[in-house]
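Okay, so here's the structure we're looking at.
The values are calculated or read from the model by the stated rules, or taken from the named source; none is laboratory data. Keep in mind that this is a model prediction, so the values were computed, not measured. Heads up, the Cβs are rebuilt from the backbone with ideal geometry, glycines too, and the neighbour counts pull from every protein chain shown. Keep in mind that these areas ignore ligands, DNA and RNA; they rest on the heavy atoms of the full protein, side chains included. Shrake-Rupley method; radii C 1.70, N 1.55, O 1.52, S 1.80 Å.
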Amino acid sequence: WSLSGWDGNHDEMDVQTLLQRYARGERNFRELNLSGFSLRRVDLNGADLGGADLVGTDLSEANLQGAILSGANLSGANLRRANLMQAKLILAMLRGANLERAELVGATLNKADLGWANLNYTNFSGADLTAANLTDAQWHGTVLRGANLRQAKGNWNQDDFKQAKLSWTIMPNGTTQR
């Protein structure tokens, strides 16, 4: 699937075409190549970006509430302060992404790869991170209240993870933090 006139160039017209189609009610943008684009502060609430190439894309302060990003590659993407509440990020690649202060309340991140990601002050309350890779992620001030970390991989003994807010979190071994 491609945008009309899509030639792989990353100019502003391509972004404008995407936003115009979204404004007309289109939501299916699966497997689109938006690598390196600036989509700062865009509203793509409920958009289907499954399998999209978003490597290095600036999605800071974007509204992606309820968006489908399953299988998307967001490696190195900037999602600082993005709204990803109730988003689906199953098998998403977020390696080295910046999610500082992002809202992922109720998001589904099963088997997502968040290795080396900046998760400082991110809100994962009620999120499902089952079997996610969280190795070497930054956790300072992260909120994980009621999140599911069952079978997740990570450095659970690092100092900044110990400062995360973990009440009612299901830990990788299946125990619940109180």
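For the chain, the share of accessible area belonging to carbon and sulfur comes to 44 percent (1.4 Å probe, ligands and nucleic acids excluded).
The shape of the range 1-137 comes out prolate: with a ≥ b ≥ c from the C-alpha gyration tensor, a/c is at least 1.5 and a/b beats b/c.
Computed from label points 7 Å out along Cα-Cβ, the spacing between residue 41 and residue 175 is 4.6 nm.
Computed over neighbours whose Cβ is under 15 Å from that of residue 27, the net charge equals 0, Lys and Arg +1, Asp and Glu -1. Protein heavy-atom accessible surface, 1.4 Å probe, per residue over the range 86-140: 35 Å². Computed over the chain, relative contact order equals 11 percent, with contacts defined as Cα pairs under 8 Å that lie 6+ residues apart.
By the gyration tensor of its Cα atoms, with a ≥ b ≥ c the square roots of the eigenvalues, what is the shape of the range 138-178: rounded for a/c under 1.5, prolate for a/b over b/c, or oblate? Since a/c reaches 1.5 but b/c is at least a/b, the shape of the range 138-178 is classed as oblate. Modelled spin-label separation between residue 168 and residue 31, with each label point placed 7 Å from Cα along the Cα-to-Cβ direction: 4.0 nm. The residues packed around residue 128, meaning those with a beta-carbon under 12 Å from its beta-carbon, carry a net charge of +3 if Lys and Arg are +1 and Asp and Glu are -1.
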